[in-house]
Structures are given as C-alpha cells and as structure tokens.
Amino acid sequence: MLFRLDPNSAEPLFAQIAAAVRGAVARGDVQPGERLPGARDLADSLGLNVHTVLRGYQQLRDEGLVELRRGRGAVVVRGAVGDWAELRQEVADVVERARGLGVSAQELFDMIRLEYR
Amino acid sequence: MTEAAPTAGDARPVVRIVVAVAVLPLVVAAAGAALVWSRRDALPAEVAIHWGVDGAADGFASPGVVVAMVAGFGVVFAAAGLWLSLAGPADPLLVRVLAVTTTGVTGFVTVLATWLVTDQRGLADAAEAEAGASRFLGSFAAGVLLAAVAAWTVPRWSAERGEPAPGDVPRLGVAPGERVAWTRSVATGSGPAAVLVAGVGVTVAAGVLSRQWWMLGVGAALGVVAAVMFSITVTVDRHGLTLRSRLGRPRMHIPLGEVERATVVDVRPLRHFGGYGYRIAAFGPLRGASGYVLRGGSGLLVERRGGRRTVVVVDDAATAAGLLNTLAERAR
C-alpha cells in the first residue's frame, strides 16, 4: 500500500491518508480482514502527528470501510469489498482468455463498452 | 562506451576458503580418529557409542568402526562444504556460514565421540560407560571455538557481481516535499504454514505419548518460531527498509544510507533457499542473499554497502524497489 501525501494540496493530510487506503482496498493491495499499518508506525514513516493518521482512519471507519478496535488497530471490514475481489478475479480470467485468443486490450475494452450499453 | 562493465570484485581467496570449509574439518576429524586409533589397545573390544535417554549405553561398536565413523563424518562435511562454496560464484556471507557449519559441526561431533570413547579405556564392560553432561557441554564449547576459528579464517572480500542494466533498477517519481511511504504485509504460504503447524502438533503429541516432557519445550519453541515467521510487515519510508514480525520482534532495519540499490527478483524458496523462513540462498542467482522467504514469487532484493544482499518476498516489490532507490539516491 503506497501512501503519497502532498502537504501543499488543498486536501487535508488526513483525507489524503483515507484516500490512499481506499485506493489500496479497491485495487486489492489490502484484503478484507487485513490490518492497516499501526497509526504510530505510519505517522513515523510519513513524519506526521499520530492524530492526523488516526483522523484519517476514523474517517474510514465512518465510511464503514474499516473497524477500529482497541489493541487490534484498524481492520478492513469483511464484506465491504467482498464483491470487488470476486470481480477482479473474473476480470483477470477474462483478460487471460482474451490473451489466449489474441484479442488486444483495445478490442477487449470495446467489447466491455458495448456490454454496458 | 555504453556497455556496462561488470564491477571488478576482488579475486576470491580460494586458499583460505578451502582451508575454512574443508581443511579445518578434515584436520579435526583426522586428529580425533588418530587419537582413538592410538588408544585402541586400551579400549574394550566393543565400545559404547550410543546412550539411551535413561543414560545407559545401548549401542556398541569396535574402535575401528568409531575411527571410520569420525573420519567419514569429516570427509562428508568437508566435501559438501567444498562443493557448496565453490560450485558457483563464491559469496562471502555464504562461505562464512558454510565454514562455521562444516568446521563447527565436525568439531563438535569429533570431540564428543573421541572424548566419550577414550573415557572407556580400561573398562572391562562397555555397558558401564557413561556419557556425562560435562562431555556434551565441553564438546559443544570446542565446536563453537572451532567454528569461530573457521569464521575468522574466511577473509572479507567483495564478491564478483555484474552491474545490472539501468532499466532493471526501478525508480518511483517523488515530488519535492511529497511524503511517501510504502507498506505491505506478507503471510506464509498455506503449504509451509501447514507443515509448521503439523510439526508443532507432531512434536507435542510425540512428547505426550512418549512421556518425554522436554519435547513439549521444543514444541513451544517451534510454536514461537511459527508465530514469528507467520506474517511480517515490510515498510519502505524516509528511514529506509524495515521488516517487522507480527509480534514486533525480531525487527530488521536497513537505513537509506546503506542501500546501494534495490531490484525485483524471482525467488524460488525450495530450489534456491532450501525452504521457507529466514534463509540464506545456497543456489541460483541469489546465492549468498539472506532474508525472509515466506513464500515464492517476486521479491525485493536490496544490495547493501559492503556487498551484503537482503531479500524479502513481497507483493508489489516493484513499487517498494522504486521507492527505496529514489529515497536512497535522495539521501546520498
């Protein structure tokens, strides 16, 4: 999970942390049930105050993406992204099949776009 | 001149490598065998060579067989050490590990066997022979001492290693002022995890069934090792590379100033590292690299100042390597 924070951005740092986690969960870098980095460790890594990280994690909790538990830290909620993982696997299968048939990425995109109509 | 010339490493000190991994164990084993042979007339015709857990001798052999066993042990270890250290490009860390293992183990076994057998001179019946803890501890100390001599015999040199093509060293663009950190956890693959859990279970069950309670201690120790090895967190940030176990310790840290370069490598646990866990590679392109191999696949390889190489198998190693290279260059 890659955190890139721009202190000059109009978006506050805690919101940037929440956005980084959200992106990582959507991409599957973090699995449901997995723990996010400890707030203290992450704050030290990024040179931030621990409260900034905790505020980012609290925002994620309010969105229902993570659970905050005493002693266990922030854990990605099961079910919050369950269908995504399945969909990702299906997309991977489709891409593999397309490769086997010699279908280019562009042709596959076009096929998916057609299905959406 | 665009061709990347391989870095000219020091010539590997073949003589001292051979002395440390092969000559030392051979000399130790030969001395032990010669000592037993010279005392053979004063020994019982059949000497005790094995003791049961109750302390009574339960295995016997002639002194000639003991001589052959001690010498054979030394020859096998020396040959294995020689083969492993000279079969491929010699890596200083790998050679040191091999030297310590061959000389240390041969030293321990030779001293213990020689000591226990020569203790039996003048005995009418070898069944009365004793194997005291002092002999065991003394032999262990001798093994450690010999291992230290072997380690000291292996000099430090920089291994001959090709410079990777510039395209193989990933970079991650980081804007000035941007704060960046990468972190990822790695869990042991289900196969090795099952083996670990089964190992703990079998040890505990065997201990309970045979009423060898000390085996419960071994089982507990294995359990702790399993817990520590089960999952680690890999972090790349402004401090460098940090590996933490789930329990927080052991922890391994490589500061940015020590990072020469980071690349992505394909890791084959069984073929190159001989298993899973904290390992050193004896075979393949990663020979001499050590680190956490909890499963196979792509991993992060960090070449450190002074020639050591650290490897950790982790998803998305390309991002980790890119960020580590960028941060290390910036720190220079």
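The values are calculated or read from the model by the stated rules, or taken from the named source; none is laboratory data. Remember, it's a predicted structure, so these values are computed and weren't measured experimentally. Counting neighbours? That spans all protein chains shown, and the Cβs are built from the backbone with ideal geometry, glycine included. For accessibility, only protein heavy atoms count, side chains too; no ligands or nucleic acids. Shrake-Rupley method; radii C 1.70, N 1.55, O 1.52, S 1.80 Å.
The table that follows gives values for the structure above.
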| quantity | calculated |
| --- | --- |
| Check on A:Gly33, closer than 28 Å to B:Ile254 by Cα and within 14 Å of another protein chain (Cβ to nearest Cβ) | no |
| Some residue of the range B:232-246 being more than 27 Å from A:Leu36 (Cα to Cα), in the same structural domain as B:Ala194 (by TED's automatic domain parsing) and in contact with a Lys or Arg (Cβ under 6 Å, 6 or more places away or on another chain) | no |
| Some residue of the range B:232-243 being touching a residue at least 60 places away in the same chain (Cβ under 8 Å), small (Gly, Ala, Ser) and surrounded by 12 or more Cβ atoms within 10 Å (Cβ to Cβ) | yes |
| Positions within the range B:296-332 being small (Gly, Ala, Ser) and more than 27 Å from the chain's Cα centre (by Cα), in sequence order | B:Ala318, B:Gly322, B:Ala328, B:Ala331 |
| Pair list, Cβ < 7 Å and 6+ apart or interchain, from the range B:247-267 residues that are without any contact (Cβ under 8 Å) to a residue 24 or more places away in the chain and farther than 16 Å from B:Ala317 by Cα to residues that are open to solvent by 30 Å² or more (accessible area, probe 1.4 Å) and of a type outside the set (Gly, Ala, Ser) | B:Arg251/B:Arg244; B:Pro255/B:His239 |
| Filter result (touching a helix residue (DSSP H, G or I) at 6+ places or on another chain (Cβ under 9 Å) and open to solvent by 100 Å² or more (accessible area, probe 1.4 Å)) within the range A:100-117 | A:Met111 |
| Test: residue in the range B:229-250 that is assigned to a helix (DSSP H, G or I), over 24 Å from the mean Cα position of the chain (by Cα) and more than 14 Å from chain A (Cβ to nearest Cβ) | no |
| Selected residue (only one of A:Gly28, A:Gly33, A:Gly73 is among the small types (Gly, Ala, Ser), touching a residue at least 40 places away in the same chain (Cβ under 8 Å), open to solvent by less than 40 Å² (accessible area, probe 1.4 Å) and in contact with a strand residue (DSSP E or B) (Cβ under 7 Å, 6 or more places away or on another chain)) | A:Gly33 |
